[in-house]
Amino acid sequence: MELLQPLIVIFLTSCLICHNCGEIDEYKFPVYPTKSCPRNKTEWDQRSAVFNCSTENSYACFPNDEITQLIEFCYSLPIFNIFKGMCLYLSKTRSELEIYDCKGFQYGCPEEHYQSSSIYRYPSCVSIGEGCFIAEPFCESTKKNTEKDMNINEEQTYSVFIAAICVPLIVMIGIILYILGIYIRKKRTSVRRDEESKGMEKEIMLLQEEDENTEALLHLLDNGADVTPCNETGGTPLYTACQYGHDSTVQLLLNNGADVNLCNERGVSLLHIACQYGHDSTVQLLLNNGVDMNLCDKTGDTPLYTACQKGRDSTVQLLLKNDADVNLCNKTGVSPLYTACRYGLDSIVQLLLKNGGDMDLCDKTGDTPLFIACQKGHDSTVQLLLKNGADVNLCNKTGDTPLYTSCQYGLDSIVQLLLKNGADVNLCDKTGISPLYTACEYEYDSTVQLLLKNGADMNLCSEKGVSPLHRACRYGHDSTVQLLLNNGADVNFCDKTGVSPLYRACQYGHDSTVQLLLNKDANVNFCDKTGVSPLYRACQYGRDSTVQLLLNNGAGVNLCNETGVSPLHRACQYGRDSTVQLLLNNGAGVNLCDRTGVSPLHRACQYGHDSTVQLLLNNGAGVNLCDKTGVSPLHRACQNGHDSTVQLLLHNGADVNLCKDTGDSPLYRACQYGLDSIVQLLLNNGADVNFCDKTGASPLYIVCHYGYDSILQLLLNDGARVNLCDKTGASPLYIACQNGFGRIVQLLLNNGADVNFCTEKGDSPFSIARQKGNKSIQRILLDNGANEN
């Protein structure tokens, strides 16, 4: 039964994964759908175990970017922090986690920073409907409960059916596995009895007891028993004896030729294992027998490192007395002192320092013992290192100082210690990020206050010109923003792209932050280097309350960017109807065009936002206002295949034959893109079927060029001239032959196309078909009277 139980568990887990998880394409790593994310820590641990993510990754469960499906995956970061007031979703285009501001939720928005592994504490962040979070006031998913209940019943019926089939199958497989397990066990036992000596079995048995069978072991050794047989992991009897601290057995085996420096397959020596378990007498015994105390395992860890890591004070003392190398690092550059500081083992730290431990010896990332002690929040360890002269401003390879990492985690007591011991409060990392910047990013207000009292520069920016105030505004940390403003932060300080703190707060819809900044005289019309204003950006994202706040404080409603695009343009492009209405109510120019002559109506028609189009038309938008190339809103709608938008424009007086500078009519453009329904709509509303562009190409001609036979029939039915040529004399029949469209050729001939009509150069439809080597079209032409010569 011991064999049966794990096998059945593995089988059932595999069935569960196969039944629930079909990998979703288009992501850069495996992503699987799930009906629900873990609801508690137990479920989280279970799902994480099933995914078995690597140490560099972590199990994650969040919505997709459309908020229509929950998905789970191994993400390319260890467990990470998430800001309060934020939920996450996975972007399909970038395969990265993006922030979703949940402050507008009716309930359940996280009110404190949290880790990705505790998402189950905030079910509102993983409770979704059809394209929205259920906690959002506008989410209408609850209206579909009846349909969901029906689906649930169907799923329950399906589950019962599956259970009726699977349970007997699982029982049968379990019985087979049980019988197979018994057979394998018996077979192994038989082979073992044949191959292993009775002396080895007794020897292993003796080493698992309490040194009571030394005489029996001596008897076995006297009778030729091997002192160096290995188990599956490379462990020998001597290795096991050291693990259990059986000193008399250790001595006996050494006296009988066992290698004192023998290691297992991971490079772990006898001394390593004795140090790990703190068997000081065994350690001394091995030292007395000449063991190499600086022998490293495959990761480069020494016995001293192992003793420090496990907190074995007396063992560390013993090794140091015997001249163990106190500064010998492993393959990642971690020293014994570093690992002791990591775990806050002050007594061991003191021992190592007294014996020459180098406080400024860095690992391969440049982190010092002081850095790791600060990061892990070990106040007394930090104090000990500082008293012994640790360099308080020594940076790692990314330029992070001990003060920086302490601020990153909001460790005020350590921050205070470092500042008292000369830490440079304005020393930045290699990207120009200061300790104050990182404290503001995480809203550690008490840390911010501490830094400011010790001379932190509030306007010290990163290499991109981003100030601490910018960062606090980005995340809507109002208390931090207020603290910085009260201490003189420049409210209009812009980054290198010209973005102000107000701009950034508007972009993310942090209304209370916006109000704070406006109260401190933030310039409401301060634009970035591309001319984009805070109002423009708020309109782009549909932040209506922010838009209203800006308008109430004097924002220029018609302030355009450097290409002439207004806030109304941008709102129309994204179909933000409520924002559009708000702008129109506040005097936005409904016909204000950008530098290419494109109006807000053009933009709305281009993207098929019918309700926005109607709103603009109701407020006086010019339905026939063309851009600088002569393109009308109707052109835009036709070209992009928006039938309902086309219908809306026609009902509001759009000129169906208004052409662009090249002579293309809306009908021509719809024919060019093969849009049957729009072609029919235009013809029904009086479009000129024979209206040609400046090259003389008619709608019929362009249809023959691209091979749209269904549209060809529509045009012919509406009276299109079948022999209407372009300016080179090429007929629709000629162009169809040239491009190899046999069905088009036949249709044209059936409707009276001149089979021998030549171009200005004298080329006939048959000659071009022969030139292209199209035998089938040549046959059609000949059958319809083409002149072969």
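Derivation of every value follows stated rules applied to the coordinates shown; laboratory data play no part. Source: prediction; values computed, not measured. Neighbour counts are summed over all protein chains in view; Cβ atoms, including those assigned to glycine, are modelled from backbone coordinates with ideal geometry.
Its relative contact order, with pairs defined as Cα atoms under 8 Å and 6+ residues apart, puts the range 428-575 at 16 percent.
Note on ASP313 and SER347: the model spin-label points, each 7 Å out from Cα along the C-beta direction, lie 0.2 nm apart. In this simple spin-label model, placing a label point 7 Å from the Cα along the Cα-to-Cβ direction at both LYS298 and ARG743 gives a separation of 6.5 nm. The amide H of VAL31, built 1.01 Å from its N in the peptide plane, has ILE24 as neighbours under 5 Å, considering only residues 5 or more places off or on other chains. FRET efficiency for the THR629 to SER54 pair, using the beta carbon distance and R₀ = 51 Å, is estimated at 0.40. Within the range 245-389, the ratio Rg/Rh, alpha carbon atoms throughout and Rh by Kirkwood, equals 1.01. Apply the a/c threshold of 1.5 to the C-alpha gyration tensor of the range 299-360 and tell me whether it is rounded, prolate or oblate. Since a/c stays below 1.5, the shape of the range 299-360 is classed as rounded. Across the range 100-108, rounded Karplus estimates of 3J(HN,Hα) from the backbone phi angles (6.51 cos²θ - 1.76 cosθ + 1.60, θ = phi - 60°) give 10, 6, 9, 5, x, 4, 6, 6, x Hz, Gly and Pro being marked x. Converting phi to 3J(HN,Hα) with the Karplus coefficients 6.51, -1.76 and 1.60 and the offset θ = phi - 60°, the range 374-381 yields 5, 4, 8, x, 9, 4, 5, 5 Hz in sequence order, with x at every glycine or proline. Which residues does the label zone of SER677 cover in the range 618-643, counting backbone N under 19 Å from a point 7 Å along Cα→Cβ? Flagged as within label range: 634-643.
Please find the FRET efficiency linking ASN558 to ARG47, where r is the Cβ-Cβ separation and R0 is fixed at 35 Å, and quote it to the nearest 0.05. For ASN558 and ARG47, the calculated efficiency is 0.10. This ranking places HIS246, HIS378, HIS113 by how few other beta-carbon atoms lie within 10 Å of each, fewest first, which gives HIS113, HIS378, HIS246. When the alpha carbon gyration tensor of the range 597-636 is reduced to an equivalent ellipsoid, its three semi-axes come out at 16, 11, 7 angstrom, largest first.
Computed from the C-beta positions of TYR32 and ASN756, the FRET efficiency with R₀ = 60 Å rounds to 0.40. Computed over all pairs of different Cα atoms, the Kirkwood value for the hydrodynamic radius of the range 590-723 is 14.7 Å. The length gained by stretching the chain between THR365 and HIS113 to full extension, at 0.36 nm per residue less their Cα-Cα distance, is 88.0 nm.
Cβ crowding within 10 Å, taken as a proxy for footprinting-reagent exposure, orders CYS527, CYS263 from fewest neighbours to most as CYS263, CYS527.
Computed packing ranks the peptides 540-549, 36-45 as 540-549, 36-45, most packed first, by mean other Cβ atoms within 10 Å. In the structure shown, do any of LYS397/LYS420; LYS727/LYS775; LYS364/LYS496 have a Cα-Cα gap over 26 Å, and if so which? Over 26 Å Cα-Cα: LYS727/LYS775; LYS364/LYS496.
Anisotropy class assigned to the range 643-688 is oblate, per the alpha carbon gyration tensor with a/c at or over the 1.5 cut-off and a/b no larger than b/c.
All alpha carbon pair distances within the range 689-789 were sorted into 10 Å bins beginning at 0; the resulting P(r) in whole percents reads 18, 55, 26, 2.
One chain, two ends: HIS651 and LEU328. Fully extended at 0.36 nm per residue, the span grows by 107.9 nm beyond their Cα-Cα distance.
Rounded, prolate or oblate: which fits the range 263-327, taking a ≥ b ≥ c as square roots of the Cα gyration tensor eigenvalues, rounded meaning a/c under 1.5, else prolate when a/b beats b/c? Rounded shape, in that the Cα axes give a/c under 1.5.
Quick note on the range 674-730: its Rg to Rh ratio, both from C-alpha atoms and Rh being the Kirkwood radius, is 0.94.
Both radii were evaluated on the Cα set of the chain; the Rg over Rh quotient, with Rh as the Kirkwood radius, amounts to 1.13.
Amide H contacts of VAL268 (H built 1.01 Å from N, in plane; Pro and chain starts excluded): LYS298 sit under 5 Å, all sequence-distant by 5 or more or on other chains. Put a plus charge on the Cβ of each Lys and Arg, a minus charge on the Cβ of each Asp and Glu, and nothing anywhere else: the dipole of the chain about its Cα centre is then about 1960 debye.
The HN-Hα couplings worked out from phi for the range 442-459 by the Karplus form 6.51 cos²θ - 1.76 cosθ + 1.60 (θ = phi - 60°) are 9, 6, 8, 5, 5, 5, 4, 4, 4, 5, 4, 5, 9, x, 5, 7, 5, 10 Hz, whole numbers, x standing for Gly and Pro. Distance between the modelled labels on ASN486 and LYS464, one decimal in nanometres: 2.9 nm (7 Å Cα→Cβ projection). Here's how it looks for ASN525: its modeled amide H is under 5 Å from none belonging to a residue 5 or more places away or on a different chain. Helical runs (DSSP H, four residues minimum) scored at -39500 (n - 2.57) apiece and divided by the length of the chain put the mean residue ellipticity at 222 nm at -13500 deg cm²/dmol.
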